[in-house]
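The next block holds one structure in the form of structure tokens; read it before the comments.
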Amino acid sequence: MQLKPLGKIMILIVTIGIMVGVWRLWGKIAPSAATAVSVTPGQINLPDRQSSGAAVETVAYTAPGTTPGAEGKPEVRLLGYAWNAQMGMLLATGGPQATEGSLMAQQGIDFKFQRQDDNGKLQESLVAFATELSQGTPNPEKGAHFVTVMGDGSAAFLAGLNNTLRKIGPQYQAKIIDAIGYSHGEDKLMGPATWIADPGSSRGALIAGVLRDGDWNIAQKWIGDNGLRTNPDEKTWDPDAVNWVNANDYIDASQKYIAGYTETRPVVRNGKLTGETKTIAVNGVVTWTPGDVIVAEKRGGLVSIVSTKEYNSQMPCVVIGIDK
């Protein structure tokens, strides 16, 4: 007997239903799929940052003016965060552009500073500069000559950047050329006050921040110092570890907490999916000023758990430029 089209459709529907049922049943009785295992970060002993005792040269310096002081001189552009660790550089400039009487102007440098908090855009600016430089332009107008980033996050920053720059040529690799200051308390892990008295109460937390950057490192050290575990998988939730959600920048991290940002994730224990799901809300932040101020003013409920005041040698402010 030849099946009519309607009969074929009914058989197809029944077959699909059986397959779905078998798949769901197998999901319940089969072993849980493996995922990344939460780990305890290795402990790192940071040295106390102290003066070397070396002689310091005194430079006669008066407060810079407000008008541009080096127009027509070679232009040098630097992109960097809004960060207190750059204060010496900003004082030497006098403003977003080298002003009359500033140290930059005295050296004949038309130095221009522009705020940029997004690491991706900082990398793009160096690629644009290197590309134009490779085309024979001695002082490119595109991109930036230099950027500043957190020193302890620079390895991750340079790894991806230099993979791209390698296509332009080996002489166009990015490198650290200087350290011009340190974070001293403004970069921090923020969480409920209970985490200070009982670090173990942070298990199951969901913390927002720029992952694998300097502020994230502060939290990783604190987690390791307290014998806790961190979940490296941003797609799952481990109730026995500290969990993470990535933010575009340090302000976005604060905004995620303020907004009560939530995610529904598969639950994992000891590297195995349990088959359950859990909706979790951000209840901690890694950020720096003014991110902490925004949290306090817009929502509250968090305190500084640990910062670069306690880890005072962790985070230098480094200047990165193209080798050529």
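A few notes on this one:
- Of the helices (runs of 4 or more DSSP H) lying entirely inside segment 58-154, those containing at least 2 residues that are under 30 Å from Pro170 (Cα atoms) are 119-134.
- Meets criteria (modelled with pLDDT of 95 or more and of a type in the set (A, V, I, L, M)) for Ala156: no
- Test: residue in segment 262-280 that is under 27 Å from Asp152 (Cα atoms) and either β-branched (Val, Ile, Thr) or crowded, with 22+ Cβ neighbours inside 10 Å (or both): no
- Any chance Glu75 is closer than 30 Å to Asn139 by Cβ and more than 32 Å from the chain's Cα centre (by Cα): no
- Segment 298-311, subset touching a strand residue (DSSP E or B) at 6+ places or on another chain (Cβ under 7 Å) and not in a strand (DSSP E or B), residue surrounded by the fewest Cβ atoms within 10 Å (Cβ to Cβ): Leu302
- No other residue among Gly300, Gly224 is over 30 Å from Asp178 (Cβ atoms) and of a type outside the set (A, V, I, L, M, F, W, C) apart from Gly300.
- Where Leu273 falls short, out of the listed (1) more than 13 Å from Ser254 (Cβ to Cβ); (2) in contact with a strand residue (DSSP E or B) (Cβ under 7 Å, 6 or more places away or on another chain); (3) at pLDDT below 95: (3)
- The C-beta contact set for segment 38-50 (first residue within 20 Å of Asn231 (Cβ to Cβ), second residue assigned to a loop (DSSP other than H, G, I, E, B) and of a type in the set (Asp, Glu), distance under 6 angstrom, 6+ apart or interchain) comprises Ser38/Asp238.
- Any hit, segment 216-229, residues being under 20 Å from Asp48 (Cα atoms), in a loop (DSSP other than H, G, I, E, B) and either in contact with a Leu (Cβ under 9 Å, 6 or more places away or on another chain) or among the charged types (D, E, K, R) (or both): no
- Single residue of Val318, Val306 found to be of a type in the set (A, V, I, L, M) and over 22 Å from Trp195 (Cβ atoms): Val318
- Segment 282-310 residues that are under 18 Å from Asp117 (Cα atoms), paired with ones that are basic (Lys, Arg) (beta carbon under 8 Å, 6 or more apart): Val285/Lys256; Val286/Lys188; Thr287/Lys188; Trp288/Lys188; Asp292/Lys188
The values are calculated or read from the model by the stated rules, or taken from the named source; none is laboratory data. Given the structure is predicted, the values throughout are model-derived calculations rather than measurements. Backbone-built Cβ (ideal geometry, glycine too); neighbour counts: all protein chains shown.
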